[in-house]
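Down below is the structure, laid out as structure tokens.
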Amino acid sequence: MTEVASVTAYIRPKTDIPLRLSAIDENGHILAHADYRFLGPPRVENSSGLPGTEVLGTWMSYETGFFECNLMIGLERPCAIGLRIDFLEPFAPDAAADGKDPPTFYLNAAGIRRISR
């Protein structure tokens, strides 16, 4: 690996739907991702990277009202990196009629850090 990058998001989920945090390249292609579940025991699961990208670590902690979600990756070649957050489960439009909240979350802050080797 020639470069290490870390993406972080401070998130407060409004629903129990799990989120996926992804590191993306300049073309919007996902380089690596990790899934974060907040209900029950909060946990990180199902992390993976594309060829040329290695997931070096994932972790999550609770920080004063928000969850700090982290994904650290190693890259074979330097590239621009962005952050993308997706819901893992679809929300049925008729669920709002049942009084359920739409899948929303509060994003307090996000950051991307790079360390060249």
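The values are calculated or read from the model by the stated rules, or taken from the named source; none is laboratory data. Since we're looking at a predicted model, the values are computed, not measured. Side chains are part of the model used for accessible areas, which takes the heavy atoms of the whole protein and leaves out ligands, DNA and RNA. Shrake-Rupley method; radii C 1.70, N 1.55, O 1.52, S 1.80 Å.
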- [ ] Starting from the residue with the highest accessible area, list 10, 62 in decreasing order, probe 1.4 Å.
- [x] 62, 10
Task: Computed log₁₀ I(q)/I(0) - Debye formula, equal Cα scatterers, no solvent, the chain, q 0.09, 0.16, 0.22 Å⁻¹ - done: -0.26, -0.74, -1.20
- [ ] Among 64, 15, 104, determine the one that fluctuates most according to a GNM of the chain built with springs between C-alpha atoms less than 10 Å apart.
- [x] 64
- [ ] For the chain, set up a Gaussian network in which alpha carbons nearer than 10 Å are linked by springs, and say which option among 23, 32, 80 fluctuates the most.
- [x] 80
Open item on the list: Restricting to Cα pairs below 8 Å that are 6+ residues apart, what does the relative contact order work out to for the chain? Please round to a whole percent.
Closed with: 42
TODO: Would you work out what percent of the accessible area of the chain, with all protein chains in place, is carbon or sulfur (probe 1.4 Å)?
DONE: 52
